[in-house]
Amino acid sequence: MSEPLLPPVDADSAPFWEGARNGELRIQRCAVTGRLIFPPRPMSPWDPHAEPVWTAVSGRGAIWSFVVPHPPLLPQFAELAPYNVIVVALDEDPTIRLVGNLVARAGGPIDEVDPATIEIGAAVRVVFEPVSDAIHLPRWVLA
Amino acid sequence: MKDAAAIVGIGETAFARKLDAPEKTLAVRAILAALDDAGVSPSEVDGFASYTMEATDEVEVAKNIGAGDVTFFSQVGYGGGAGPATVGQLAMAIAAGQCRVGVAWRSRKRGSGARPWAGASQAFSAPARWTRPWGLLRPVDEIAMLTRRYMHEYGATRDHLANVAIAVRTMANHNPRALMYERRLTREDYMAARWISEPLCLFDNCLETDGALACVLVSAERARDCRQPPAYVHAFGQGLPRQSHTMVNYWCEDPLTGPAWTCSRQLYRRSDIKPHDIPVAQLYDAFTPLIPLSLEGYGFCAKGEGAAFTEGGALEIGGRLPINTSGGGLSEAYVHGFNLINEGVRQIRGTSVNPVRDADACLVTAGEGVPTSALILRK
C-alpha cells in the first residue's frame, strides 16, 4: 500500500482536523448571520465584520453525487480502483457539501461498496478513519 | 470596446501526440505564422496576452520574433478559462490605446509532457485539500461529479453525451489537421469504451496534444488594410461567480449554474448579437458534459435543457447550432481551447473545413467549471 495522500494542516483547516481526531465533524459558522461556511477560511463571506466560528454539526447528510474513478490514477488510488467518491450535502445546510467516500463500515476500504448500489439522495452519517496521527479522514456509511 | 478591434491573423503548428520541438519554439512558430497571415511585421507587435500556465513568457517571445517596444502584456489564469480572455484583454487594450498590434497565444506539450494532476504542485491547492485525499484526483473526476448530478436532476443520459462526442468527431473527420481526422466514432464505439471516471468514458475526454496557436489583433481601422478579412471582437465577457471554486465547484448555491452564466450576462449586456442570432459556436470541450452546461449558460436553451438540445443533430452542420467545427478539444487538438478561437475566425472568414452558411457571428467560449471567458466574433 502506497502512502496515503495527506492534506496539509494550516491555520484555516486545523480546527477541522482537530475535530475529526475527536470524532466530531466541525464546520465554520458566520458569527453574525449564523450561516455555515465551507471550505474553511479566515473571513465570513456573509458579513464583512464577522469572523467565522467553529461549530460541531450532526454528521448527517445525503449523497448529492458520486463518481467511480478508473485508472490512470495516482498509485495509492490505482490499487483500489474502481472505488467511489461521493459528495455529501449536510442536513444542517444542503449547500454545504463535503467530498468523501461511502464505506460499508467504519474503517472499511473505499472499494468495498458496490457502486451499482449507490444512490443519490441516500442518507449517510459520518465515520472517521485515522490515516495518520494528525489526519482522521471523514468517510460515510449509510444512515 | 464593441467592434473596436479585430482578429486579422491566425497561425498554428501541426498538432500531434508528440512534437519534437520545445514549447518555446512552437510558440514562436505559431506567432510568426499568425503575423504572416495578417501581413503585419513582427517589429510592430507591442501587446501580448497569454495564459498564466503558459511556459514561454513575453520576454522570450518578444526577443525571438523581433518585437519592438512592448507597452501592454497580461496573463490570464485558470487554464482552460483563459483563451477568449487573452483576446478580449488585447481588444480592450487596443480600444483604450495601450497598444496597437496585439498577439495572443498558447503553446503546450500536453501530449508528450506531464499530466498536471499527477504533479506535486497541483497536490494541494486551497480547494484540493478538500477533495484529493478522498481520491477525487483528476479534472475528469471533478467534472464527472457534476455530470452525475446533472443527469440526476435533468434526466440527461449517456446518449446525450454521445451526441456531443459524435458531432464533434464528425467535424474532425473533415479536417485533415485534426488528430482524429481518420478515426470515425459510432454510438456503439462510444457505449463500449472504457470508463475513465463513471459516468464519463474515454470519449467524453479531450485529446492529449502537443501544439501551439496564436492570433493577431489590431484596431478596426487598421484591420481594413490587412491581408485577411477581419473578425471583429464584438463582445467579450469574463465570469467568476459568487462563491465559485475552480473545477471542484461544489460549494456554491447551485453548482450546475456555473461560471458560464456569469460570463454570458456580461457578454450579452454589451452585445447587439443575442443567442438566437448566433449561427455557429466554438464551445470549450475538455469534457462532453461541458457542452450542455455551456448551451444553457450561454442562453441557447433553458436551464436543464442542454442535454435535450443535443438531440436530432442540432450540433452538426445543418443543425440549429453547429459547434466545434474543426473538431474542438475532443477531436482536433486540446491546446487549452485556443484552437476554438482560430476556428471561430475561420468561420467568419468562410474558410472553415466545415463552413456554416452565412456565418456572420461566432461565439467562442472558455471552460465551464473554471473562472471563464467568452467572445462574440462577427464579420
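List of remarks:
- Within segment A:1-34, the set of residues being touching a residue at least 12 places away in the same chain (Cβ under 8 Å), more than 11 Å from every other protein chain (Cβ to nearest Cβ), in a loop (DSSP other than H, G, I, E, B) and closer than 23 Å to A:A89 by Cβ comprises A:G23, A:E24, A:L25, A:T33.
- Checked against the criterion of being among the aliphatic types (A, V, I, L, M) and closer than 21 Å to B:R115 by Cβ, the candidates B:A6, B:A55 yield just one match: B:A55.
- Residue-level check: of (1) out of contact with any Cys (no Cβ under 8 Å at 6 or more places or on another chain); (2) more than 18 Å from B:L340 (Cα to Cα); (3) surrounded by fewer than 19 Cβ atoms within 10 Å (Cβ to Cβ), B:P176 misses just (2).
- Whichever residue in segment B:94-108 is outside any loop (DSSP other than H, G, I, E, B) and of a type outside the set (K, R) and, among such residues, is surrounded by the fewest Cβ atoms within 10 Å (Cβ to Cβ): B:A95
- Selection of segment A:91-124 for residues being facing another protein chain (nearest Cβ under 8 Å), part of a strand (DSSP E or B) and either of a type outside the set (A, V, I, L, M) or in contact with a Cys (Cβ under 8 Å, 6 or more places away or on another chain) (or both) yields A:T95, A:R97, A:G100.
- Among the residues here, A:S44 qualifies as over 22 Å from A:V131 (Cα atoms), crowded, with 17+ Cβ neighbours inside 10 Å and more than 11 Å from chain B (Cβ to nearest Cβ).
- Qualifying residue in segment B:73-89 (condition: polar (S, T, N, Q) and assigned to a loop (DSSP other than H, G, I, E, B)): no
- In segment B:217-243, residue surrounded by the fewest Cβ atoms within 10 Å (Cβ to Cβ) [restricted to those that are out of contact with any helix residue (DSSP H, G or I) (no Cβ under 6 Å at 6 or more places or on another chain) and within 14 Å of another protein chain (Cβ to nearest Cβ)]: B:R242
- Any pair with Cβ under 7 angstrom, 6 or more apart, that starts in segment B:134-163 at a residue that is within 9 Å of another protein chain (Cβ to nearest Cβ) and ends at one that is assigned to a helix (DSSP H, G or I) and among the acidic types (D, E): B:L136/B:E142
- Within segment B:248-272, tally of residues that are surrounded by fewer than 19 Cβ atoms within 10 Å (Cβ to Cβ), out of contact with any helix residue (DSSP H, G or I) (no Cβ under 9 Å at 6 or more places or on another chain) and away from every other protein chain (no Cβ under 14 Å): 5
- Residue check, B:L202 within 14 Å of another protein chain (Cβ to nearest Cβ), over 22 Å from B:Y154 (Cβ atoms) and either aliphatic (A, V, I, L, M) or touching a helix residue (DSSP H, G or I) at 6+ places or on another chain (Cβ under 7 Å) (or both): yes
- Test: residue in segment B:108-127 that is over 30 Å from B:V356 (Cβ atoms), at pLDDT 95 or above and within 13 Å of another protein chain (Cβ to nearest Cβ): no
- Pair list, Cβ < 8 Å and 6+ apart or interchain, from segment A:91-119 residues that are within 18 Å of A:V67 (Cα to Cα) to residues that are of a type in the set (S, T, Y) and part of a loop (DSSP other than H, G, I, E, B): A:R97/B:Y250; A:V99/B:T131; A:V99/B:Y250; A:N101/A:Y83; A:P109/A:Y83; A:I110/A:Y83; A:D111/A:Y83
- Qualifying residues in segment B:15-54 (those that are among the polar types (S, T, N, Q) and farther than 16 Å from B:Q228 by Cα) - the one surrounded by the fewest Cβ atoms within 10 Å (Cβ to Cβ): B:T52
- Pair list, Cβ under 7 Å, 6 or more apart: segment B:307-324 residue part of a helix (DSSP H, G or I), other residue among the hydrophobic types (A, V, I, L, M, F, W, C): B:A307/B:A156; B:F309/B:L295; B:F309/B:F300; B:F309/B:C301
- Applying a threshold of 6 Å to beta carbon distances and a minimum spacing of six or more residues, or different chains, the list of pairs starting in segment B:50-66 at a residue that is part of a helix (DSSP H, G or I) and ending at one that is of a type in the set (F, W, Y) reads B:E58/B:F48; B:E58/B:F73.
- Residue within segment A:46-56 that is assigned to a loop (DSSP other than H, G, I, E, B) and modelled with pLDDT of 95 or more present: no
- Every pair of residues 6+ apart whose Cβ atoms lie under 6 Å, when the first sits in segment B:195-209 and is in contact (Cβ under 8 Å) with a residue 12 or more places away in the chain while the second is hydroxyl-bearing (S, T, Y) and crowded, with 21+ Cβ neighbours inside 10 Å: B:P199/B:T147; B:F203/B:Y190; B:D204/B:T288; B:C206/B:Y334; B:L207/B:Y334; B:T209/B:Y334
- Looking only at residues in segment A:65-76 that are within 7 Å of chain B (Cβ to nearest Cβ) and without any contact (Cβ under 8 Å) to a residue 24 or more places away in the chain, the one that is surrounded by the fewest Cβ atoms within 10 Å (Cβ to Cβ) is A:H70.
- Among residues of segment B:281-306 that are closer than 16 Å to B:A82 by Cβ, those with a beta-carbon under 7 Å from a residue that is modelled with pLDDT under 95 at least six positions away or on a different chain give the pairs B:L290/B:G369.
- The set of residues in segment B:37-57 that are within 23 Å of the chain's Cα centre (by Cα) and not aliphatic (A, V, I, L, M) comprises B:D37, B:G47, B:F48, B:S50, B:Y51, B:T52, B:E54, B:T56, B:D57.
The values are calculated or read from the model by the stated rules, or taken from the named source; none is laboratory data. Predicted model, so just to flag it, every value in this text is computed and none were measured. Glycine also receives a Cβ, built like all others from the backbone with ideal geometry; neighbour counts cover every protein chain displayed.
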